[in-house]
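The structure appears below as structure tokens.
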Amino acid sequence: MTFIHKVITKLLKKNFTKKLKYILKVITKKNNLSDNKEKMLLDITNTLNNIDDNKIIKASNILVKAEKINIASLCGNYSLKYLFEYKLTRVGKNVMLSLDWHQQIINLNFISKNDVLIVISCSMNKNEISKFIEKAISKKIKIILLTGEFENNWNDKVDVCIKVSSSDAKFRSFSFTSKACMNLAIEMIFKEMLKNILPEVDVIEEWKWQNK
């Protein structure tokens with residue numbers, strides 16, 4: 001290694017270290033527990049206040065009548081997909097299970113206009129998500145879209161579009177409040193569904209958690 005190379009390398013390391021310390025300082029200053037609590041509470045409150053009750057009711061009615069349900073999501077939203085699928089199967093709905101996006105879109109070949117596609121995507125910026133919706137529209141399958149408050153091309157082309165009020169950035173490495181807010185929408189839809197689904201008495205008994 002030449003003398004000049006050594007000097008340049010040393011300067012670059014020093015400069016990088018200074019920049020890294022500055023970035024960490026900014027992050028630490030902005031990221032504190034009190035502010036995080038306030039941000040989460042605000043996003044949850046805004047979601048509950050801004051969500052359209054009529055859309056919750058409409059989505060619920062569509063799901064109650066559906067013969068088959070296919071939930072499409074990618075990556076970080078798999079946990080929400082699993083949660084919704086779990087709830088729907090507990091009331092006897094026929095849910096098509098798969099985490100692989102290829103299988104999720106293949107599932108659309110086996111459902112019809114009497115069935116429902118649920119799409120969960122906060123940003124709606126992934127091409128695979130658009131493919132789900134395009135195929136469902138071509139087969140006249142009902143579509144419920146759960147998304148964030150960002151512009152997208154599908155709001156007016158699906159049967160129900162429910163938006164959650166998270167302050168998370170559209171393009172991000174991970175979510176902070178968007179999942180919690182999306183979960184609220186799922187819980188409200190499911191709770192509304194229970195009004196129209198009357199399980200057998202023995203099923204209701206099984207739902208009870210009893211220590212014996």
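Would you point out which residue out of T89, T9 is open to solvent by less than 100 Å² (accessible area, probe 1.4 Å), out of contact with any helix residue (DSSP H, G or I) (no Cβ under 6 Å at 6 or more places or on another chain) and modelled with pLDDT of 90 or more?
Result: T89 is the single residue among T89, T9 that is open to solvent by less than 100 Å² (accessible area, probe 1.4 Å), out of contact with any helix residue (DSSP H, G or I) (no Cβ under 6 Å at 6 or more places or on another chain) and modelled with pLDDT of 90 or more.
Of all residues in the stretch 92-106, which are at pLDDT 85 or above and touching a strand residue (DSSP E or B) at 6+ places or on another chain (Cβ under 9 Å)?
Selection gives K93, N94, V95, M96, Q103.
Quick one: in the stretch 115-167, of everything that is among the aromatic types (F, W, Y) and part of a loop (DSSP other than H, G, I, E, B), which residue is surrounded by the fewest Cβ atoms within 10 Å (Cβ to Cβ)?
Top of the filtered list is F150.
The values are calculated or read from the model by the stated rules, or taken from the named source; none is laboratory data. Quick caveat: nothing in here was measured; it's all calculated off a predicted structure. Here the Cβ is made from the backbone with ideal geometry for all residues, glycine too, and neighbour counts use every protein chain on show. Just the protein is used for accessible areas: all its heavy atoms, side chains included, with ligands, DNA and RNA removed. Shrake-Rupley method; radii C 1.70, N 1.55, O 1.52, S 1.80 Å.
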